[in-house]
Amino acid sequence: MKKQNKIVLFATFLLSASLLAGCGGDETEKTQIGVLQFGSFTALENVKKGFVKTLEGSKLADQISFNIQNPQANSTTNTQMAATLAAESDLVLGIATPSATALKSAVDSVGTGIPVLFAAVTNPIGANLVNDLVLPGENVTGVTDLGPIAEGLQLVLDFGGVDQVTSLFTATETNSVYQAGIAEAFLSSKGVSSSRTTITNAGEITSAIASIPEEVDAVFIATDDTIANSISLVRGAVESLDASRSKPLIVFGADSGLVEGTTFSMGIDYEASGVQVAKQALKILQDGAQAGSLSVESCDNHTISINKTFAEKEGLDLPESLLSKEGATIL
């Protein structure tokens, strides 16, 4: 039976699940859900947690089986795993843009037409996952992770004396380029100069930060998979740079999971986004909905984390507008 036909018939299958159980149904009768998670950093782990927990708590729990793969941010391995999951699954989820795009490409190549869901993707149109957010069409939909960039940057400006901000990101990550554009537009509207500090791989993080000129007052870090996977390098590089500067850098990360290497981080609740994409999967598996008929969703649950210990070590005074943010976690 073709994979797409199996999805269409899954609702009918559920009606007879008790009979199958009584006849000793085995693993081959379960619907296979493939998950490709690009790396192991906090945001992606939380998406997986929300997705799996929601499906395991649903009435489909006994009729589904997960195959979760993680290439540890290796692009070649990511592509290979995507091909395997596309061939062996009835529905797939790509967590982060590289994994989502690899799965879409693999499913297109295999020709099964199985549903492709995505999460932790900032710009699904720019990544060529969908052509429209309201009516995606074809077999793809998901949940974006574009967070409150403007709100976070306003908190940066509240530190006072911020005249120049640079965006630090991986030049090859389309979601990061997209966010840098959003940041630049906001800063321009406030009369603040902006620039870009780019890398091509994690090994360039330290040297990139070391190259930030004295006149730059703050750094914006996008929800960048390469940097997030090596966020521990950022703090050390910033501390080293601060030693030679007349004033410390303010570092804002667009994902609360980046707090280890930032002054403060603010973004979506990734576990909540995992719950959202799981509910999309349930509409497909349980109700027979077509993925392309389900609108791409955004996550309105935001979290903020403040690295007060790091700020104090740098000699930064945190503004009250930041410290008083409702629900903020202070480290």
>> Cβ-Cβ distance below 8 Å, separation of 6 or more or different chains: which pairs start in segment 81-108 with a residue that is within 12 Å of Ala119 (Cα to Cα) and end on one that is among the hydroxyl-bearing types (Ser, Thr, Tyr)?
In response: Gly94/Thr101; Thr97/Thr122; Thr97/Thr174; Pro98/Ser75
> Within segment 260-272, can you find the residues that are crowded, with 24+ Cβ neighbours inside 10 Å and hydrophobic (A, V, I, L, M, F, W, C)?
Replying inline: Phe264, Met266, Ile268
> Does segment 212-235 hold any residues that are in contact with a Leu (Cβ under 9 Å, 6 or more places away or on another chain) and farther than 27 Å from Ser99 by Cβ, and which are they?
Replying inline: Ile212, Val216, Asp217, Ala218
> In segment 193-246, which residues are under 21 Å from Leu146 (Cα atoms) and among the basic types (Lys, Arg)?
Replying inline: Arg196
>> Would you confirm whether or not segment 47-65 contains a residue that is assigned to a strand (DSSP E or B), closer than 20 Å to Lys30 by Cα, free of Cβ contacts under 8 Å to residues at least 60 places away in the same chain and among the polar types (S, T, N, Q)?
In response: yes
> Can you tell me which residues in segment 237-257 are at pLDDT below 95 and of a type in the set (Ser, Thr, Tyr)?
Replying inline: Ser244, Ser246, Ser256
> In segment 164-184, what residues are among the acidic types (Asp, Glu) and at pLDDT 95 or above?
Replying inline: Glu184
> Looking at segment 67-96, which of the residues that are outside any strand (DSSP E or B) and of a type in the set (Val, Ile, Thr) is farthest from Ala202 (Cα to Cα)?
Replying inline: Thr84
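The values are calculated or read from the model by the stated rules, or taken from the named source; none is laboratory data. Values in this document were obtained by computation on a predicted structure and should not be read as measured data. Note that we place each Cβ from the backbone using ideal geometry, even for glycine, and neighbour counts take in every protein chain shown.
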